[in-house]
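See below for the structure under consideration.
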Amino acid sequence: MRSHKLLFSLVMVLMVIFGAVVVSAQEGGGAGLTIGFSQVGSESAWRTSFTQAVQAEAEARGINLLFSDGQQRQENQIAALRSFIAQGVDAIILAPVVETGWDEVLQEAADNQIPVVIVDRNVTADESLYITRVSSDFVHEGRLAAAWLVQATAGQCDIVELQGTVGSSAALDRQQGFNEVIALFPNMQIVQSQSGDFTRTNGKEVMESFLNAVDPSTICAVWSHNDDMLIGAIEAMKEAGIDPGQDILTISVDAIPDIFQAMVDGDANATVELSPNMGGPAFDAIVSYLAGEELPRWIPVAGGIYFPDTAAEELAARSGS
Ligand code: GZL
């Protein structure tokens, strides 16, 4: 009789353990893992949304997330990775500020059998040093931005360009995609181009310099690698007596709430969406890797392009208002 009770108890324990495993997998998985997240910084509204989305996803999954804000300095990010390695985390998520300079620290993670997922911007380090990359396609974003501007101007436009952070794959690839398309149209040309480092403050300062460098009446459009720099440029145009979105067309990337507000106000014309929701795919990749599964080299996140006709509803939907 006693053996039956013992067997029943054992079956019950096994069912509880199995149930817990199933629940964990159903919730996206990762419960109990300690994951280090090295973030670029907080230079833009999109970056802040991205950070918040990753933290919320970790919380929902029961993942212990160690977060480090790199303040847009690679040395801070490398120090954070070394700290994660020293703490023996289960995995690392790296959002790299620039493309180069990661080989040594990624090798140190590999030497300690700590898997690394690259999220958002890219690295030039050997692919064997990270398990996968979760990101949008920056070249496509640049092409999409240019294709809209070509249509909006019938292929006739002198453009000023606000570049993102120097050396970042987001800036390099968006510029490549945009330039590929306008090269097909002899009357589309970039007449001024400078980095605003993805921030509103620098975007305003650089736009002010553009307006001093060339006759503003000759500028047809401003192409900004992110919405935050464009928001700064809009301030600069208004202070110069220019009607943004009318006198000078605008095209940017990120689809943050403030760009939809600018569209509602008639100050912006188009934005290419960049999803901040990369935490889920990154955590899923780590769980799959730790379970011994094969991973694709790239896990894409999708995005559309938005215009003033849907700005009010997008603003309401994205700012929770
Ligand atoms: C691109 C991302 C860029 C955003 C900016 O994926 O790295 O960095 O477009 C942010 O807002 O600063």
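The values are calculated or read from the model by the stated rules, or taken from the named source; none is laboratory data. Keep in mind it's a predicted model, so treat the numbers as computed, not measured. Positions of Cβ are generated from backbone atoms using ideal geometry, with glycine treated the same way; all protein chains shown enter the neighbour counts. The protein model used for the area step is the full one, side chains on, heavy atoms only, and it has no ligands, DNA or RNA in it. Shrake-Rupley method; radii C 1.70, N 1.55, O 1.52, S 1.80 Å.
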(Q) What are the extents of the Cα atoms of segment 158-221 along their three principal axes, in Å, largest first? (A) 32, 30, 12
**Q.** Max mean-square fluctuation residue, GNM over the chain, Cα-Cα springs under 10 Å, options ALA79, ALA236, ALA183
**A.** ALA183
Q) Taking all protein chains as present, what is the carbon and sulfur share of the accessible area of segment 33-144, in % to the nearest whole number, probe 1.4 Å? A) 43 percent
Q | Rh by Kirkwood over Cα pairs, then Stokes-Einstein D for the chain at 0.692 mPa s and 37 °C, µm²/s | A | 155 µm²/s
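Give me the percent of DSSP beta bridges within the chain that run antiparallel, rounded to the nearest 5. Don't skip to the end; give the middle numbers.
Working: 2 of 40 bridges.
Close to 5 percent.
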Q: Provide, as a two-decimal number, the C-alpha radius of gyration of segment 215-273 over 2.2 N^0.38 Å, N being how many residues it has.
A: 0.99
Q) Which net charge results when you count Lys and Arg as +1 and Asp and Glu as -1 among the other residues whose beta-carbon is under 15 Å from that of ALA317? A) -4
Q) Based on the alpha-carbon gyration tensor of segment 250-321, what equivalent-ellipsoid semi-axes (square roots of 5 times the eigenvalues) come out, in whole Å, largest first? A) 34, 12, 7
Q) Between PHE185, VAL206, THR271, whose Cα lies farthest towards the positive end of the dipole of segment 149-295 when Lys and Arg beta carbons carry +1 and Asp and Glu beta carbons carry -1, centred on the Cα centre? A) PHE185
Q: Could you tell me what fraction of 2.2 N^0.38 Å the Cα radius of gyration of segment 146-289 comes to, as a two-decimal ratio?
A: 1.08
Q) Normalised by the number of residues in segment 52-108, what is the relative contact order in percent for Cα pairs under 8 Å and 6+ residues apart? A) 28 percent
Q. Between ALA109, ALA302, ALA285, which gets the highest mean-square fluctuation from a Gaussian network model of the chain, Cα cutoff 10 Å?
A. ALA302
Q: Just the Kirkwood number for segment 105-146, please: inverse of mean 1/r across all distinct Cα pairs, in Å, one decimal.
A: 11.7 Å
Q. Just by accessible area at a 1.4 angstrom probe, what is the order of TYR289, TYR130, TYR306 from largest to smallest?
A. TYR289, TYR306, TYR130
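Once you charge only the Cβ atoms, +1 for Lys and Arg and -1 for Asp and Glu, what is the size of the charge dipole of segment 226-308 about its Cα centre, to the nearest 20 debye?
Roughly 260 debye for segment 226-308.
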Q) Helix-derived [θ] at 222 nm for the chain: sum -39500 (n - 2.57) over DSSP H runs of at least 4, divide by residue count, nearest 500? A) -15000 deg cm²/dmol
Q: Give the longest segment of the chain that steers clear of GluC sites (Glu not before Pro) in DSSP loops with at most 12 neighbouring Cβ atoms within 10 Å, not counting the sites themselves.
A: 28-292
